[in-house]
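Structure, as structure tokens:
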Amino acid sequence: MNTALGTWASNTGEFRNVASTSGLAFDSSSANQNSSADRALGVRQGGSFGDPGAAFTFNFNSTGYNLSAINLSALMLSVQGRSTVWTIDYGIGASPASFTALTTYSDPGVFGSTPLSITGAALTSLSNQSNVWIRVTALSASTGSNSRDTFAIDNFSLSYSAVPEPSTYAAILGGARWSG
């Protein structure tokens, strides 16, 4: 990843440090983008870079926790003629042999930020695991013509709660009551 400040319009295929959309318009100058303190993880796919295959990955240990939500913002920063469908998926283990799709984000063709939230039963498999991978990836080649978009992720967060101790389950199943 290029950690130097990058601009949305650069057509170099690479991962980069870009300005988020907060307080900026689609035509914000490079100077305004570079002075923005709100940064995001971005990628510009190219014919020989990441199309398909570009992926942002996050690895964590959820042992002792129940995962209840994955939240992130999908950012379209330099909208071009080619479109990519991004898949948010997960894998379990030190080096997952397979990933399971949670949702997809299809290029809307307009500048801006789209909040994505994944909740519910789909996250049950990610709870109380020693090695979980979340991936935002381009599994299929882009479609359309000409240049590819600059895409980024921002505001990534996990919501979770502690797994109850076995004694708590025993008390619930045994009909114990608490009064206070």
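Values in this text are rule-based calculations from the coordinates and carry no lab data. Nothing here was measured: the structure is a model prediction, and the numbers come from that model. Methodologically, a virtual Cβ is constructed for each residue, glycine included, from the backbone with ideal geometry; neighbour enumeration extends over all protein chains shown.
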Item to check | Relative packing of peptides 100-107, 151-158 - highest average C-beta neighbours within 10 Å first | outcome: 151-158, 100-107
Checklist entry - How far, in nm, would the chain grow between Asn131 and Ser10 when pulled straight, counting 0.36 nm per residue and subtracting the alpha carbon separation? => result 40.0 nm
Next on the checklist: Report for the chain the percent antiparallel among DSSP-assigned beta bridges with both residues inside it, nearest 5.
Outcome noted: 95 percent
Item to check | Percentage relative contact order, region 2-173, counting C-alpha pairs under 8 Å, at least six apart | outcome: 32 percent
Next on the checklist: If I build a Gaussian network model for the chain, linking alpha-carbon pairs within less than 10 angstrom, which residue out of Phe26, Phe111, Phe56 has the largest mean-square fluctuation?
Outcome noted: Phe26
Checklist outcome for this item: Which residues qualify? For Tyr160, with a placed amide H closer than 5 Å and at least 5 residues away or on another chain, they are Ser68
Checklist entry - Check Leu116: other-chain or 5+ apart residues with amide H under 5 Å from its amide H, H built from backbone geometry? => result Leu72, Ser73, Ala74
